[in-house]
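The structure appears below as structure tokens.
The values are calculated or read from the model by the stated rules, or taken from the named source; none is laboratory data. Bear in mind the structure is a predicted one, so any value in this text is a computation, not a measurement. Quick reminder, even Gly has a Cβ in these numbers, built from the backbone with ideal geometry, and neighbours come from all protein chains shown.
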Amino acid sequence: MNLSQYLDAEGIILSSDIIIKLERFASLLHEWNQIHNLTGAKTIDAIYVNIVDSLYPLTFIKKPKTLLDVGTGAGFPGLVLGIALPDTTVVLAEPLKKRVSFLKYAAIDLGLSNVTVEAKRVETVEHEAFDMISSRAVTNTKLLLELTENISDSHTEYLFYKGSRVFDEIEDVQHQLRYDIVQKNQRNYLYIKNEE
């Protein structure tokens, strides 16, 4: 299947320009991954599956003006969201040097003027409060909320890409949050909404 078919199957609607950039990102990552081992997704198809996983929340979230992605790794979900949301200012926080090199290269190659890469751990990022903070497979929900306290406020929403442990994790924090858990394939998307 090509990427358009994957996206269509999930009801994700994007312009052809954005799809072309996503395909370019997939081929860049595939190329770099053979040398630098950035992700477990070893084939273009596997990368497409990760792209779709990254983008599926666009079917149910409010589009943010500013987005921070914690521990972007090889670009999922932050860089992929940066491609799909050209009007959103996206900051990618990633401490590992080889991943930072790839993210910076990809952002330049793809002409993503809305994307900045911060080569640091999220707790050292300095920025005004973000509209949305996303993360995939970094740490537990409670710790993510604590690590991002200085760059969030009552308007900040969170999008965490989780597995089955999300239900245990949310018990620690649910008393203070409005949230939805959207289940798709093997993924649980934890969408924590702002207090408005």
In the range 86-99, what residues are among the aliphatic types (A, V, I, L, M) and either farther than 21 Å from residue 55 by Cα or over 15 Å from the mean Cα position of the chain (by Cα) (or both)? 96
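Being farther than 22 Å from residue 161 by Cα, of a type outside the set (Lys, Arg), exposed (fewer than 14 other Cβ atoms within 10 Å of the Cβ) and in contact with a Ser or Thr (Cβ under 9 Å, 6 or more places away or on another chain) is the requirement here; does residue 27 meet it? Steps first, answer last, please.
Working: farther than 22 Å from residue 161 by Cα: yes; of a type outside the set (Lys, Arg): yes; exposed (fewer than 14 other Cβ atoms within 10 Å of the Cβ): yes; in contact with a Ser or Thr (Cβ under 9 Å, 6 or more places away or on another chain): no.
Taking the combined requirement at face value, the residue does not satisfy it.
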Would you check if residue 190 is of a type outside the set (Val, Ile, Thr), in a strand (DSSP E or B) and in contact (Cβ under 8 Å) with a residue 40 or more places away in the chain? yes
Within the range 135-143, is even one residue polar (S, T, N, Q), in contact with a Phe, Trp or Tyr (Cβ under 6 Å, 6 or more places away or on another chain) and modelled with pLDDT of 95 or more? yes
Hits in the range 124-148 (condition: farther than 20 Å from residue 89 by Cβ and surrounded by fewer than 15 Cβ atoms within 10 Å (Cβ to Cβ)): 137, 142, 143, 146
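Go through the range 1-46 and report how many residues are part of a loop (DSSP other than H, G, I, E, B), aliphatic (A, V, I, L, M) and over 26 Å from residue 63 (Cα atoms).
Restricting attention to the range 1-46, the residues satisfying the condition of being part of a loop (DSSP other than H, G, I, E, B) are 1-2, 10-15, 37-43.
Checking the rest, the ones that are also aliphatic (A, V, I, L, M) come to 1, 12-14, 38, 41.
Those left that are additionally over 26 Å from residue 63 (Cα atoms): 1, 38, 41.
Number of matching residues: 3.
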